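Notes follow the structure.
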C-alpha cells in the first residue's frame, strides 16, 4: 500500500486535488494522512489563531469524508502549525510516507508558492513531492 502525506488548506476540497487523489486510489490501495496547516486566510480583517484553527478543522472534516468517498483504503489527518514546514515535520514524525502531495493556490496568489514550498519540502525531507494547483474555497466562520 502506498502511503501519502497530503498538505493543503484553502484548496483541500477542490477538484484538482480530488482528481489527483482519485488517480492514486485507482492505481491501487493507498493510505492518506492529511495535514491542514492552520494558516490564517488572506482576507481583510484580523484573524485569530483560534479562528484559523477552526476553519482548518472544518476543512479537514469535509475533506476526510470526500477522500473516503473516492475509495481510499485508509484516511486520517490533523490540523497542523500555521507554518507549513513545521506542520509537515510534525505530521511525518513516526510515520512512513512514500510521497508528499502539496496543493496550493496558483503562483501569483499563493503564499506557499512565494515560499517555494514544494521544492523546499522535497529538498528538506528527501521525499518525492507532487504539486497540485487549485482554487481557494470560500471561508465560512
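Quick notes
- When each of 61, 56 is tested for being modelled with pLDDT of 95 or more and farther than 18 Å from residue 118 by Cβ, the lone residue that passes is 61.
- Hey, residue 69 in contact with a strand residue (DSSP E or B) (Cβ under 7 Å, 6 or more places away or on another chain) and modelled with pLDDT under 95 or not: no
- Restricting region 97-110 to residues that are over 22 Å from residue 31 (Cβ atoms) and in contact with a helix residue (DSSP H, G or I) (Cβ under 8 Å, 6 or more places away or on another chain) leaves a set whose member that is modelled with the highest pLDDT is 104.
- If you go through region 118-133 and keep only what is in a helix (DSSP H, G or I) and in contact with a strand residue (DSSP E or B) (Cβ under 6 Å, 6 or more places away or on another chain), you end up with 118, 121, 122.
- Residue, farthest from residue 58 (Cα to Cα), within region 111-138, restricted to residues that are modelled with pLDDT under 80 and surrounded by 15 or more Cβ atoms within 10 Å (Cβ to Cβ): 136
- Out of 134, 77, sole residue that is in contact with a helix residue (DSSP H, G or I) (Cβ under 8 Å, 6 or more places away or on another chain) and under 21 Å from residue 51 (Cα atoms): 77
The values are calculated or read from the model by the stated rules, or taken from the named source; none is laboratory data. Quick caveat, the model's predicted, so the values are computed rather than measured. In this analysis, Cβ positions are derived from the backbone assuming ideal geometry, glycine residues included, and neighbour counts consider all displayed protein chains.
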